[in-house]
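The values are calculated or read from the model by the stated rules, or taken from the named source; none is laboratory data. Keep in mind that what you see is a predicted model, and the values were worked out from it rather than measured. Positions of Cβ are generated from backbone atoms using ideal geometry, with glycine treated the same way; all protein chains shown enter the neighbour counts. Calculation scope for accessible area: heavy atoms of the full protein, side chains included, ligands and nucleic acids excluded. Shrake-Rupley method; radii C 1.70, N 1.55, O 1.52, S 1.80 Å.
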Amino acid sequence: MKKLGFTLAEVLITLVIIGVIAAMTVPSLMNNTNAQEFRSAFKKAISGANQALTLHYALEGLAASDYTDATDLVDEVFKTRMSIMDGNDQYVVEVGGADSSNCWTTADGITFCINNWENDDSEGQGGRCDSYNQNSCSASNDSPNLYIDVNGAKNPNKLTESSDRPRDIYTAAIYSQKVIPVGDAAQQVMYDKQVSSTQEGEGE
């Protein structure tokens with residue numbers, strides 16, 4: 001009885017075809033997976049920072065607008081109210097150019113760095129940290145003063161400039177009692193929608 005089978009050439013051709021298809025599809029799948037991880041981590045970071053501000057205000061009666069020094073804000077609010085990874089708060093997000101003393105890394109590996117911090121210590125409406133008019137505690141209200149690297153020192157360490165291609169670094173602004181994303185790309189990633197430039201800086 002004659003047995004039928006594949007020749008060596010046929011097997012090799014099949015393997016080559018499978019290899020080509022894999023080479024074409026695997027990078028795309030990996031990029032999509034990384035993008036989803038970056039999105040989820042950014043939302044988690046914003047939520048954690050907001051919880052820290054809310055908890056601190058509830059326990060101490062102090063908002064971000066009550067701190068004129070960035071180091072005090074980091075030490076007394078964020079490092080106190082968030083789960084911090086020991087020995088990893090000196091990592092500097094190079095994109096933001098932040099002072100390493102104003103950075104901290106949480107236990108889940110997310111690094112935060114405050115930069116461009118300025119509080120004119122004004123009270124009520126119109127102050128630099130006015131939560132009513134959505135003025136952030138920064139040198140200019142349209143500038144970020146919080147850089148968030150959702151995977152710490154791991155690559156790619158690039159700023160997210162498009163919601164279609166999320167990277168691991170995002171920008172946000174610290175308000176009196178909240179932290180919100182800054183920039184169209186960060187807001188689109190956070191809220192899963194298109195945000196016009198006129199809406200930038202408005203809270204939910």
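Figures for the structure shown
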| quantity | calculated |
| --- | --- |
| Largest to smallest accessible area among Ser162, Ser40, Ser176 [probe 1.4 Å] | Ser40, Ser162, Ser176 |
| Rounded accessible area of Lys43 (nearest 10 Å², 1.4 Å probe) | 60 |
| Stretchable slack from Leu55 to Lys193, in nm (0.36 nm times residue separation minus alpha-carbon distance) | 46.8 nm |
| The stretch 6-83, accessible surface, carbon-and-sulfur percent (1.4 angstrom probe) | 64 |
| Extended-chain gain in nm, criterion 0.36 nm per residue less alpha-carbon gap, Thr14 and Glu37 | 4.9 nm |
| Estimated inter-spin distance, Ser101 and Asp69, nm [label 7 Å along Cα→Cβ] | 0.8 |
